[in-house]
1. Just give me the residues in the range 692-721 being surrounded by fewer than 17 Cβ atoms within 10 Å (Cβ to Cβ), of a type in the set (Asp, Glu) and under 19 Å from GLN655 (Cβ atoms), in sequence order.
2. Mind checking which residues of the range 541-564 are open to solvent by 10 Å² or more (accessible area, probe 1.4 Å) and under 24 Å from the mean Cα position of the chain (by Cα)?
3. Exactly one condition in (1) open to solvent by 20 Å² or more (accessible area, probe 1.4 Å); (2) in a helix (DSSP H, G or I); (3) at pLDDT below 90; (4) of a type in the set (A, V, I, L, M, F, W, C) is not met by ALA407; state its number.
4. In the range 453-521, which strands (runs of 3 or more DSSP E) lie fully inside it and hold 2 or more residues that are more than 22 Å from ARG562 (Cα to Cα) and either within 16 Å of the chain's Cα centre (by Cα) or among the aliphatic types (A, V, I, L, M) (or both)?
5. Let me spell it out: the conditions are (1) over 23 Å from GLN600 (Cα atoms); (2) assigned to a helix (DSSP H, G or I), and VAL775 meets all of them except one. Which number is the exception?
6. Among the residues of the range 189-199, are any surrounded by fewer than 17 Cβ atoms within 10 Å (Cβ to Cβ), of a type in the set (Gly, Ala, Ser), within 30 Å of THR66 (Cβ to Cβ) and touching a residue at least 40 places away in the same chain (Cβ under 8 Å)?
7. Among the residues of the range 441-462, write down those that are of a type in the set (Asp, Glu) and either touching an Asp or Glu at 6+ places or on another chain (Cβ under 7 Å) or open to solvent by less than 20 Å² (accessible area, probe 1.4 Å) (or both).
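The values are calculated or read from the model by the stated rules, or taken from the named source; none is laboratory data. The structure displayed is predicted, hence computed values, not measured ones. Positions of Cβ are backbone-derived with ideal geometry, glycine not excepted, and every protein chain shown enters the neighbour counts. Areas reflect the complete protein model, heavy atoms only, side chains present, ligands, DNA and RNA absent. Shrake-Rupley method; radii C 1.70, N 1.55, O 1.52, S 1.80 Å.
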Amino acid sequence: MNVRSAKAIAAIVQQQVVTCQPDMALQDVSQLMRDQSCSSIIVTENEQPIGIWTEADALKIDFSNTSLVSTPIRNWMSSPVKTIHHQLSIDEAAHAFKQQGIRHLLVTNDRGTLIGILSQSDVVRHQDAEYFLHMNEVESILAASSPLQIDQNNPLASAVATMRDNQAECIVVTHHQQPVGLLTERDLVRLIAEDCLGSEISEVMSQPLICVPANMTLLSARSLMDRRNIRHLGVTDIRGNLRGLISFSDILSNVEHAYVNRLKEALDSRAADLARSEQNLNMAHALIDASMDGIMVTDEKGIIQSVNPAFTILTGYSEREALGQNARLISSGKQPPEFYASMWKQIHETGSWQGEIWNRRKSGELFPEWLTITAIHDSQSKRTLYAGIFSDITERKKSEAIIENLAYYDPLTKLPNRQLLFDRIDVALATAHRDGTNLAVIFTDLDHFKRINDSLGHTAGDQMLSEVSKRLSGCVREGDTVSRIGGDEIILLLTELENPDIPSRVAQRAFQALEQPIQVDGRELYVTASMGCSVYPQDGRDRDSLLKNADTAMYRAKQAGRNGFQLYCAEMNEKSMRRLNMENRLRVALTENAFFLHYQPKIDLKQHRMIGVEALLRWQDKELGVIPPDEFISMAEELGLIGEIGNWVIQQACQQISEWLKAGIDNLQVSINVSPQQLLRRDLNQDVSNALNETQIPAQLLDLEITESCLIEEPDTITATLHQLRDLGISISMDDFGTGYSSLSLLKRIPLDNLKIDRSFVDGTPDDKNDAELVSTIILMAHNLGLNIIAEGVENSRQLDYLATLNCDQVQGFYFSKPLPAQQIPPLLEHNSWR
């Protein structure tokens, strides 16, 4: 049996080496390091390495002297550069790092030529010590002394000096003796690159300080560092208090190399020992039987040859049930065929594989396990066996899930925390940039929240925060994010904005949600919030800009009297506030009797007399003044108010017809515009019937105008409703024909009396040939279908004469009269001649 030798450095070396010239400025080198996402840069001269600049070298800089960023890198690099041969093992590299107290080694070949660079992190990630890491907890490598700490109010230069004096990779930043962040060598490189040597600690520290419990396995801790691309973790006790810090260096220093090497040596001589000694063979069997890990040996076809007692404990299958069965006996079916193909490819190429996999117990229960498969080559029988050693990691997975939740979610409100919010903003920005869409960040701060904490205690404050979080979460869409980033600060991330009014509407829903009192310990408490919003891309193209500008807008809302919403862009804010105010006023317009009707005459071209009028809705608000219909009609449809408003128009028009009848005007038909929502979401037939019954007017004096867009959604339902209305004696007109759906097949199906030519076509006649031909075609088609034709928007005699030559039935427009109050219509009928 041959066990493969230790993995060589060549297998993991980073071949892409970032270099710079010795005269390059310190700031430029640091920026290069950030751009390349590396932890070291080799300084070369005449294509030969003369030094190295690493994150650890940043501690040499005096941060109180901001001019140093422009000095050449040769003043700060470490020299000479340490090297290591590419054929040495990873274990030997680990020993070199520990012995020399460095974190980077240049890798050379037999000729001494530079072929790459090796970092301490590379060794930690690739060293075959998973078993050791899995079996040992974070506490085992925790230093006895407390971690280095500094208050966030101290100068940055003091923090760097403290790290330098203590030869520390990082320092814990505190506020009121509580850890709030971490300052690392990587942060110092970033500050040098950004020329921020004079910054405050609180502005530049890494936050939050990501912590793990002391009983977490080293393997889980290393995995967390890998996923988050960090080198340090805080370690807490069962009460959540910080006990210390661990780093990649600590993990590397404490891996038991001697244990690993002894194990490998034992495996190398195992075949010979077994051949020589039956006693050793019995001892090996005893060790395997006593192992807490399940062990299963299969042949080349996957048939189980032997199992140990732990296998039975972990899977539920006895030795008798397992032997002779295919290893698929315990397969969960969760891994796809591609997974197994990749796994066996690695085993055939390298002789081993290890990783996480799901398997199935005899009971049917699925469980996660850490599995190592090793190929064992028997030189005598010329066959290969495969030994699988596995352990149940269910509890470890549960711990990791808890840690993951603590790392990404606020424990009080269960909302995403700052880190998860940042991740989601970054993803949303990438999506918005790719798809050309907008997103918004709303910064929310509760007004006078400190008073609640001070007067009722933090428990009451926590209860209020939890309830506010639930209410705000109900104000956004499923794909949006509500996040608590600290204290009473809550961020709303709105993605894929369809129109710029969405943030204002969300804010309005939030204000309405907070209007209701919050029950806290038998008390009814009221809370308001100030909100500020920034929008991508106009208010910022990166996460920091959007958050900063949303914060600025929020403070403007505070200064404006609190309990308000502000957009960062002044112009957008003014438009949004006007629209928000208009929406609020529109909701009360009916109760305040702010609507009224004007009537525009319709002229019969054959009789040259007024035969009807079109009722046009107008709105005069006591605060906003006269609002044009093209501004508020679509808004009423969006707010779901058009049904009630449309019913009011029907009632008012019928009432006006009744008054004209009493005055002796008995042949004037009134046309009313009907919204698609009235046809789909209200019982329009009932609304019209009620108005006719209440006013007792002849139904033929009422005409309903629909648009082509009404027919796009549920045409069968619309057609049935129109037939019911027509059965009452009401006439039906198609308004704005030619600007919408224009389906000739539907024109045959729906009950129509009149077709109205849109003013956009009339406007160009008779000079525009296209408009003139379109108008002529529409009139001819309508007459062939037995419909009357009405042209709207007539403004001069040339248009009128042209329409007359085409035998147009009726016209209306400013050439005859603008829309008028009801009392001005009867005088026009006294001299009813419109030649």
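1. GLU694
2. In the first step, residues of the range 541-564 are kept if they are open to solvent by 10 Å² or more (accessible area, probe 1.4 Å); the result is 541-545, 547-549, 551-552, 555-556, 558-564.
Within the range 541-564, ARG541, ASP542, ARG543, ASP544, SER545, LEU547, LYS548, ASN549, ASP551, THR552 qualify.
3. Every listed condition holds for ALA407 apart from (1).
4. Strands (runs of 3 or more DSSP E) meeting the threshold: 489-497.
5. Of (1) over 23 Å from GLN600 (Cα atoms); (2) assigned to a helix (DSSP H, G or I), only one is false for VAL775: (1).
6. Yes: the range 189-199 contains one or more residues that are surrounded by fewer than 17 Cβ atoms within 10 Å (Cβ to Cβ), of a type in the set (Gly, Ala, Ser), within 30 Å of THR66 (Cβ to Cβ) and touching a residue at least 40 places away in the same chain (Cβ under 8 Å).
7. From the range 441-462, those of a type in the set (Asp, Glu) are 445, 447, 454, 462; that's our starting set.
Within the range 441-462, ASP445, ASP447 meet the criteria.
For every residue, the table says whether it meets (1) in contact with a Leu (Cβ under 9 Å, 6 or more places away or on another chain); (2) at positive phi; (3) of a type in the set (Ser, Thr, Tyr).
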{"residue": "MET33", "(1), (2), (3)": "no, no, no"}
{"residue": "ILE50", "(1), (2), (3)": "no, no, no"}
{"residue": "TRP53", "(1), (2), (3)": "yes, no, no"}
{"residue": "SER64", "(1), (2), (3)": "yes, no, yes"}
{"residue": "LYS82", "(1), (2), (3)": "yes, no, no"}
